[in-house]
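Participant: Right, I'll just put the structure down here and ask away after.
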Amino acid sequence: MDDNKMVGGKVKKPGKRGRKPAKIDLKAKLERSRQSARECRARKKLRYQYLEELVSSRERAICALREELEMYKQWCAAMDQGKIPSEIKALLTGDEHNKTPQSTSKPPKNGKNNGNSNGL
């Protein structure tokens, strides 16, 4: 222990103050940074894809609800004129087989079955 000094109970080696980043450490750090950036971009891309799918799904649901609302408006207009639409007659009598093709239970365009369809 010729060149080591005892300071405060610890052995200090000369010329080893702090941590000096070697070029290998610098290269590794740059590579980690690049990899992190790649992963960040991939996560961002997935997040935007998810959000775009969510927006698209909601837009399809809105269109289906607008169609349903229009159908109910037509029913109301018919009832205001004293006519009872055949769909409502079928609902009131419990006869599901006499529905017109317009009101048959076709699946919504988004592929999901919403419970509000023609059930009122």
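Participant: So for the pair Met71, Ala28, with labels modelled 7 Å out along Cα→Cβ, what separation do we get in nm?
Facilitator: In this crude spin-label approximation the distance works out to 6.5 nm.
Participant: Turning to a different aspect of this structure: So, in Å, what gap is there between the alpha-carbon centers of the range 33-55 and the range 72-86?
Facilitator: Spelled out, the Cα-based centre of one part sits 50 Å from the other.
Coordinate-derived values only; no laboratory data. This one's a predicted model, so the numbers in the text were calculated from it and none came from an experiment. Methodologically, a virtual Cβ is constructed for each residue, glycine included, from the backbone with ideal geometry; neighbour enumeration extends over all protein chains shown.
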